[in-house]
Amino acid sequence: MSDQTADKPADQQAPPSAAAPYDALLLLSFGGPEGPDDVVPFLENVTRGRGIPRERLKEVGQHYFLFGGVSPINDQNRELLGALREDFAEHGLDLPVHWGNRNWAPYLTDTLRELTAAGHRRVLTLATSAYASYSGCRQYRENLADALAALEAEGLTPPRVDKLRHYFNHPGFVRPMVDATLAALAELPEDVRAGAHLAFTTHSIPTAAADSSGPAEGHGDGGAYVAEHLDVARTVAEAVREETGADRPWRLVYQSRSGAPHIPWLEPDICEHLETLHGEGVPAVVMVPIGFVSDHMEVKYDLDTEATAKAADLGLPVARAATVGADPRFAAAVRELVLERAATERGERPGRCALGALGPSHDLCPVGCCPARAPRPAAAGADSPYA
């Protein structure tokens with residue numbers, strides 16, 4: 001795996017002004033309940049405006065109730081927050097890191113209000129979603145716009161907010177997944193390990209949303225969402241081949257489907273894929289959740305519970321690779337991305353690291369990128385009303 005770069009890379013040891021013009025980093029995530037009483041109110045936040053009855057939300061919440069009503073995502077974000085602060089301090093990057101969620105405390109609007117009160121004027125945002133899609137990028141940008149509008153309605157002058165580029169192919173995101181895949185292979189029984197297939201998993205989304213993901217010129221046939229995942233899967237599979245000497249069959253598959261059954265979503269589902277592989281006589285499978293930053297509920301339930309149970313019913317040995325989480329290499333990647341974006345904003349030409357065939361993503365989402373079904377203002381893009 002070789003890095004693709006342009007000009008010189010961002011400095012590893014940051015001078016005091018390296019983050020300028022930015023004066024804060026915002027970790028922006030989905031949020032999750034932290035107790036049984038939180039589950040239904042959290043799901044009401046997630047589904048607001050869709051008219052889903054409360055009784056239906058209680059049914060949907062059973063995944064959370066199996067884990068005591070607690071989603072792992074908030075603790076995982078706390079760990080990432082700590083890892084970022086530690087890495088920044090070790091490398092002399094004087095940039096405070098704050099955290100806000102879309103759907104649960106600490107809420108995004110409250111965090112931006114605190115940043116405004118503290119006098120921050122330029123905030124860079126790290127979203128815990130690595131790929132291009134409406135739900136993984138533009139919806140976060142819409143939430144930012146909503147929060148900024150709320151602060152303006154309160155008579156405040158909020159900071160300008162930008163967003164880090166998609167980091168799906170940054171070495172600090174990909175290489176931990178390579179190591180995690182190798183570790184999962186080592187967990188399999190020795191007599192089936194050599195023939196194990198790799199199943200790279202990500203969140204299924206409607207095919208219409210996939211086709212319109214990313215910049216408009218790439219729309220159609222899965223759009224940027226599928227292309228980016230395929231590129232990462234291919235890169236990880238090639239690195240595993242280099243490490244082990246075995247060229248393992250692999251496929252990109254999907255999980256966590258929701259919504260009306262008559263609407264086409266990306267397929268195949270991981271459980272269906274396991275059935276297919278078992279029918280073909282495949283001796284074992286490693287599930288690699290490349291679409292997720294941390295081991296949150298979609299990983300803990302849909303893979304560790306549901307898919308693992310399906311494999312047990314089939315008699316098919318499986319292992320699950322860890323997500324990146326708070327890996328120090330990912331924290332270092334975020335620092336590099338911060339320095340890269342800051343240097344770009346100052347008119348410099350920093351290095352832009354990327355693995356695979358697609359190269360580094362855009363800094364500013366262009367007009368028409370991952371469009372919403374109903375147009376809404378979105379911050380941190382070429383069409384932002386808050387530039």
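The values are calculated or read from the model by the stated rules, or taken from the named source; none is laboratory data. Quantities reported herein were computed from a predicted structural model and do not represent experimental measurements. Glycine gets a Cβ as well: all are built from the backbone with ideal geometry, and neighbour counts include every protein chain shown.
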How about the range 312-328: which of its residues are without any contact (Cβ under 8 Å) to a residue 60 or more places away in the chain and either assigned to a helix (DSSP H, G or I) or within 18 Å of the chain's Cα centre (by Cα) (or both)? 312, 313, 314
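Considering 247, 221, which residue is surrounded by fewer than 16 Cβ atoms within 10 Å (Cβ to Cβ), in contact with a helix residue (DSSP H, G or I) (Cβ under 6 Å, 6 or more places away or on another chain) and assigned to a loop (DSSP other than H, G, I, E, B)? Steps first, answer last, please.
Working: 221 fails: in contact with a helix residue (DSSP H, G or I) (Cβ under 6 Å, 6 or more places away or on another chain).
Going through 247, 221 in turn, the sole match is 247.
Of everything in the range 250-287 that's in contact with a His (Cβ under 8 Å, 6 or more places away or on another chain) and part of a loop (DSSP other than H, G, I, E, B), which residue is farthest from residue 318 (Cα to Cα)?
Just the residues of the range 250-287 that are in contact with a His (Cβ under 8 Å, 6 or more places away or on another chain), to begin with: 250-256, 277, 282, 284-286.
Okay, now just the ones that are also part of a loop (DSSP other than H, G, I, E, B), so 256, 282, 284.
Details: 256: 18, 282: 11, 284: 6 Å.
Going through the qualifying residues, I end up with 256.
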Mind telling me which of the residues 347, 359 ends up being in a loop (DSSP other than H, G, I, E, B), surrounded by fewer than 17 Cβ atoms within 10 Å (Cβ to Cβ) and over 20 Å from the mean Cα position of the chain (by Cα)? 347
If residue 306 satisfies every condition in (1) farther than 22 Å from residue 66 by Cα; (2) surrounded by fewer than 20 Cβ atoms within 10 Å (Cβ to Cβ); (3) not basic (Lys, Arg) but one, which is the exception? (1)
Residues in the range 186-204: is at least one out of contact with any strand residue (DSSP E or B) (no Cβ under 7 Å at 6 or more places or on another chain), assigned by TED's automatic domain parsing to the domain that holds residue 247, under 22 Å from residue 363 (Cα atoms) and part of a loop (DSSP other than H, G, I, E, B)? no
Which ones in the range 256-266 are surrounded by 17 or more Cβ atoms within 10 Å (Cβ to Cβ) and of a type in the set (S, T, N, Q)? 256
Which residue, of 318, 232, 285, is aliphatic (A, V, I, L, M), surrounded by 19 or more Cβ atoms within 10 Å (Cβ to Cβ) and closer than 30 Å to residue 363 by Cα? 232
In the set 160, 165, 175, which member is surrounded by fewer than 23 Cβ atoms within 10 Å (Cβ to Cβ) and touching a Phe, Trp or Tyr at 6+ places or on another chain (Cβ under 8 Å)? 160
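Would you call residue 269 under 27 Å from residue 42 (Cα atoms), at pLDDT 95 or above, surrounded by fewer than 18 Cβ atoms within 10 Å (Cβ to Cβ) and among the acidic types (Asp, Glu)? Reasoning before the result, please.
Numbers: under 27 Å from residue 42 (Cα atoms): yes; at pLDDT 95 or above: yes; surrounded by fewer than 18 Cβ atoms within 10 Å (Cβ to Cβ): no; among the acidic types (Asp, Glu): yes.
Here the answer is no, as residue 269 does not meet what is asked.
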Scan the range 98-109 for residues that are within 12 Å of residue 26 (Cβ to Cβ) and surrounded by fewer than 18 Cβ atoms within 10 Å (Cβ to Cβ) and jot them down. 106
